1. Contact order normalised by length for region B:230-365, with contacts defined as Cα pairs under 8 Å and 6 or more residues apart; what percent is it?
2. What share of all Cα pairs of region B:389-475, in percent, falls into each consecutive 10 Å distance bin?
3. As a test, work out the antiparallel percent of DSSP beta bridges whose residues both lie in region B:4-244, rounded to the nearest 5.
4. Taking the 0 to 90 degree range and rounding to the nearest ten, how far is the long axis of helix B:115-128 tilted relative to the main principal axis of chain B, both from C-alpha atoms?
5. Treat the count of other C-beta atoms within 10 Å as a stand-in for reagent exposure and order B:109, B:188 from fewest to most.
6. Go ahead and set up a Gaussian network model of chain A, Cα springs under 10 Å, then flag whichever of A:28, A:361, A:160 fluctuates most.
7. Between region A:280-351 and region B:117-187, how far is it from one alpha carbon centroid to the other, in angstrom?
8. What value, in deg cm²/dmol to 500, does the helix sum -39500 (n - 2.57) over DSSP H runs of n ≥ 4 give at 222 nm once divided by the residues of chain B?
């Protein structure tokens, strides 16, 4: 039994461990190299997490699109467009915050449905549809904002990107998360018994829950040691959990892997591939809308160039996290870790005052090297 | 002095000895057939010969014109005058016939192609072979048969002394086969040695000087064609009596489970080309209906159209259990109790990088797991039964499908469809490319399912399989029904005559 499980489960797990180790090395290096050893402080880690939140949220949606065998190059422009509409609604037209939030998300969904439908039903390659989108939605933002930056004064809105939740609330959430981890371990253990698949081993399942529970507690402790969990980070974590749940535990998620893995086989197995592709684009659109709100709130204004190159950050995060652009392979955990690695590089290199052109060269090289090593490993494995 | 000599070739894969001391000789101007069951080692032997498996990865010697050769790749074997026409066509469809013929060897100067030289040479070459093909048309616009002939022209343009043909007639029409054989006769006179791999013994006997039989990676016998006969060759190929494979079973038939009326299917690529033309049939509960026909007769297209999975246009009326039903998508078909074990498991059946359980529950996921949320434990429980009854040899349901043997992969596809609880099951080439043991297990399963009352529609290119399993056989030829036989009246000769349109 054990031997067979090595084939996929452990290959994915091994990958995750390697990535965690790489992340650890990067962190230790930056901590050692930064003057005054500022990298691994609560304040900097809090900053780092906030900086990755926009990319992380988009990467979760992007991962699902990539798993289905597609791609979306337009998300950076949609961040600008949806954020621009939200800002426009609140300032020029004087609508309230809820309207702006709903509008930004709906714009993302509408763009996603439109582009997804063009891909799925008209068979226009996703690359082309969304490359067109990248240009067109960027044009739309410039048109909408007339080339100007619109500042947003609403403090509640800005809080989406800049506030922190109180320490007590953080601990309450941590408590809920730990309970959920333990409950799901219990559920796994007891369902084995329900279907007569062997002895239930409550002890080992609960032991497995220790690491995630410990991670939750450590995370809250670190965040509270500064100013509490930043709101955008909380939103990102919620999105990541939702994404992990969708991909692991829903029929929709399984269909995405099937469609990306072998579209013909999926179709012949009765899966409506077209409808699912539209759905996954709509989902990415919604998350892009959420990300656009955080982005605009953090900056405090909507600008014509908001979100430029965000699509490439998100795709890079997915790919570094082990997703295959051919479809059928990738995990939310990997994508988030990929986003964290990229954000750590950004943050650390800035602390080290590495010139921005050098940062780009290093990030680009690391992206290609990561996938290169993955390919070599795969061939040998 | 033989033109080619292969001595004591041994080729091993992890855990399998694919070739176990095979020796083979070919004389100039000889037509030497290589026959054997799937997996006997024919293709492996040809890959050794062509350098696909480079020197050093196998044991034994290859001599061409009495000189030992060590091919490191296809390029080397081509230089030695060996050309192979593989079963799968290797022409680039978007390039012209002429471009294909000279691909990689374009007449050029300083990297600039001399187009008139290229097309003149291509025209001359095609004329020499009596092929009325314009070298300036795109290869993809030709029929499969003509593409095959272009491949042969390409091989000859490289001055091949040894021509290997792997199942070249599988996709050809009668008249194309005649053209091909005419060309091969011509080549024989020119002194080209030919190795011919085929399952079609009529062709083998018609053309061969010698016949070599391979079985389980060993040379069983090499006969002078004129001094042997089909029965001896078949006996050597299978190494056992044919009758053993198919346990004679009688099925009791119930009410009509599925009836299809006026099924017409059009090509997805060529407008108004009918691939299936007004076919009607019905299958009863507990009945195995065989659909026979040669490649391109429209058998798979027929099943795909019923299942609403055909990419082109189609029309048909369907009744399930006597009530008319509308099937507009594969999921409609599944909801109406139709299961479809598709041909080509790697392309249509499996997601190779996913696990056994993921593959097996895919078609019935909402019932086997949850409507919205999946339940792994429930799924593992669901696949445990079929994994056991189909004897899928894997350590656990979490084994990745792509790592298994063809037989086990085929059983996963079968298991996937059994888990949808079908009342009608389509089987398209259910035993292609799998070993004899797995075949027999699938045959036994088919009989068991029929006995349990399932209606089964079986498409197979292996005539013994159709004859051995079916209660009734419909024969298709160019999209039309050209014969229908009960088990008692069906003989290989009658079915083959109908399949070739000679009825």
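1. So the answer I get is 21 percent.
2. Histogramming region B:389-475 at 10 Å steps yields 16, 51, 28, 5, 0 percent.
3. Working: 24 of 41 bridges.
If we restrict to bridges inside region B:4-244, about 60 percent are antiparallel.
4. The helix B:115-128 is inclined about 80 degrees to chain B.
5. Fewest-to-most Cβ neighbours within 10 Å comes out as B:109, B:188.
6. Its mean-square fluctuation being the largest, the pick is A:361.
7. First find each Cα centre; the distance between them is then 54 Å.
8. Result for chain B: -9000 deg cm²/dmol, rounded to the nearest 500.
Computed from the coordinates by the stated procedures, all read-outs in this text should not be read as laboratory data. Treat the numbers as computed from the prediction; the structure is a model and nothing was measured. No Cβ is skipped: glycine too gets one built from the backbone with ideal geometry, and neighbour counts run over all protein chains shown.
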